[in-house]
1. How many residues does region B:121-130 hold that are at the interface with chain A (Cβ under 7 Å from one of its Cβ atoms) and touching an Asp or Glu at 6+ places or on another chain (Cβ under 9 Å)?
2. If only one of A:Ala103, A:Ala81 is within 12 Å of chain B (Cβ to nearest Cβ) and aliphatic (A, V, I, L, M), which one is it?
3. Which condition number does A:Thr75 fail, the rest of (1) surrounded by 21 or more Cβ atoms within 10 Å (Cβ to Cβ); (2) over 25 Å from A:Ile16 (Cα atoms) being met?
4. Please go through (1) in a loop (DSSP other than H, G, I, E, B); (2) surrounded by fewer than 18 Cβ atoms within 10 Å (Cβ to Cβ); (3) away from chain A (no Cβ under 14 Å) for B:Thr252 and return the number of the only condition it doesn't satisfy.
5. Grab the strands (runs of 3 or more DSSP E) fully contained in region B:154-206, keeping just those with 2 or more residues being of a type in the set (A, V, I, L, M, F, W, C), away from chain A (no Cβ under 14 Å) and over 20 Å from B:Glu261 (Cβ atoms).
6. Would you say A:Ile102 is surrounded by 15 or more Cβ atoms within 10 Å (Cβ to Cβ), modelled with pLDDT under 85 and over 25 Å from B:Asn176 (Cβ atoms)?
7. Would you pick out the residues in region A:45-78 that are more than 30 Å from B:Ile172 (Cα to Cα) and more than 9 Å from every other protein chain (Cβ to nearest Cβ)?
8. A:Leu97: away from chain B (no Cβ under 13 Å), without any contact (Cβ under 8 Å) to a residue 24 or more places away in the chain and not acidic (Asp, Glu), yes or no?
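The values are calculated or read from the model by the stated rules, or taken from the named source; none is laboratory data. On a predicted model such as this, the values are computed, not experimentally measured, just so you know. Here the Cβ positions follow ideal geometry from the backbone for every residue, glycine too, while neighbour counts run over all protein chains shown.
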Amino acid sequence: MIAIFFLLNGFLLTLIQTSLLPHFPISRWAYDLLIPLVLYMILFHPLRISLPAVLAAGFLMDSLSVGPFGVYLSTYLWLLAAGRWLSRFLHTGNRLLIPFLIAGGVLLENLFFFATFLLSGRVLEPPPDAMFWIFEQTFGALITGGIFLAGFVRLDRLWNKWIARLSERNT
Amino acid sequence: MFSKKTLIVVAVAILIVVNVLVLSISGNRRFSFTGPGGVIISVFGPFQEIASRSIWLIKDIWRQYFYLVSLAQSYEIMENALGEALERNTRYTEVERANTRLRDLLDFQRQRPNQYLPAEIIGKDPSPWFKSVVIDKGSAEGVRKGLPVVISKGIVGMVTETWFHYAKVLLIIDQNSAVDAIIQQSRARGIVKGKSADRCRLDYVLRKHRIEVGDTVISSGLDGVFPKGLRIGEVSNVIPADSGVFQEVIITPFVDFNRMEEVLVVISPPAADGEETAASGLPADPEKP
């Protein structure tokens, strides 16, 4: 059931990111909306659930982007590794810590992209204003990331209740 | 010899470098990997289409309202302009006739008219690092990889991936894009490459050419992808190099990529021999201008 929850949310967020947000002037500093969802799956679910989720999200984003195939997949896998590692030392469910984790995820993704551009030699050059919008996106994630994650926690609970009620009715 | 902690740090650092290097190499292969990603686009495309159309509908209603308000004001201005335009039109008709006669005299071959397929933009690249759009026409409608995509203002980009009813278009402002171009005034040739922030740069322009800000850049037709004479943009900055053979030219494209809603796919490209170049995904070799 968690798989359906993840797929529905992932689908909706990707749709917002690729088809709705580009119509608004905020699109440039709107960060990758799948990061809060991916981090929610990493931090609040076991590896056997979070790993397929990370792979699915990475594959979806790589299919929609014109960038080198695997750039999103790699980023999400590194997020998975970092998230699992952090959860050994920190209480990742802490409400004060969550915005920083999301912002860190956004920063990590952008730095990963930046490094891919830098190491490609002459083929790709990092955009001159990249640092500026990396800052904007990270700041945006710091402000709104917590809201997203809290939303997922609440939605997940509601979803589980709804499923439980449905199965009760059927039995 | 080394502690466990040090070994882990080194292993992670090596993994990051290897990962980024692999991605850099896959980036250089340029759009060759499609794989089962087409399935995702085929499933995702219709939803993108519905979402985009809903937004356009709301925008259209809003725009139409303001349009009607401004229509009354602009009517009077338009009437005056129409008089002037009619006069100009008469002059241009004369010029056109003279041009036709001269072309016949020189035995110019008339170019085969291109066939255009209108398509709607239904999605944009999820990352601001890459510039591409998804359109609602695919292989079922005759769209092929390597076909040029334009609008009336100028060149938009090139089809890089196609599925049954959808296609991905690499915009000319993406760094992977390359268009063989000439400057209309000086006839200097170069390769238009995506820069960033809706800017392009014209590479490999010889220092001997005199380039002015405001000069128009058009496609040369030599890359076998884009028909000759399509508008690309205007020169917005020229940075003369102190040494070397080339000068740096920055271009502002005529197309406003943020406001683009529909595009035209050129179904019949200019030359048959361009197919091979287009299929490779790279219109022109950046190493050999």
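1. Filtering region B:121-130 for residues at the interface with chain A (Cβ under 7 Å from one of its Cβ atoms) gives B:122-130.
Remaining after also requiring touching an Asp or Glu at 6+ places or on another chain (Cβ under 9 Å): B:122-123, B:125-127, B:130.
The number of residues fulfilling the criteria is 6.
2. Numbers: A:Ala103 fails: within 12 Å of chain B (Cβ to nearest Cβ).
Selected residue: A:Ala81, the only one of A:Ala103, A:Ala81 that is within 12 Å of chain B (Cβ to nearest Cβ) and aliphatic (A, V, I, L, M).
3. With (1) surrounded by 21 or more Cβ atoms within 10 Å (Cβ to Cβ); (2) over 25 Å from A:Ile16 (Cα atoms) applied to A:Thr75, the lone miss is (2).
4. Condition (1) is where B:Thr252 drops out.
5. Numbers: elements: B:154-162, B:167-171, B:178-183, B:189-196, B:199-206.
Qualifying strands (runs of 3 or more DSSP E): B:178-183, B:199-206.
6. Values: surrounded by 15 or more Cβ atoms within 10 Å (Cβ to Cβ): yes; modelled with pLDDT under 85: no; over 25 Å from B:Asn176 (Cβ atoms): yes.
Here the answer is no, as A:Ile102 does not meet what is asked.
7. Of region A:45-78, the ones more than 30 Å from B:Ile172 (Cα to Cα) are A:45-55, A:77-78.
Passing the criteria: A:His45, A:Pro46, A:Leu47, A:Arg48, A:Ile49, A:Ser50, A:Leu51, A:Pro52, A:Ala53, A:Val54, A:Leu55.
8. Numbers: away from chain B (no Cβ under 13 Å): yes; without any contact (Cβ under 8 Å) to a residue 24 or more places away in the chain: yes; not acidic (Asp, Glu): yes.
Criteria met by A:Leu97.
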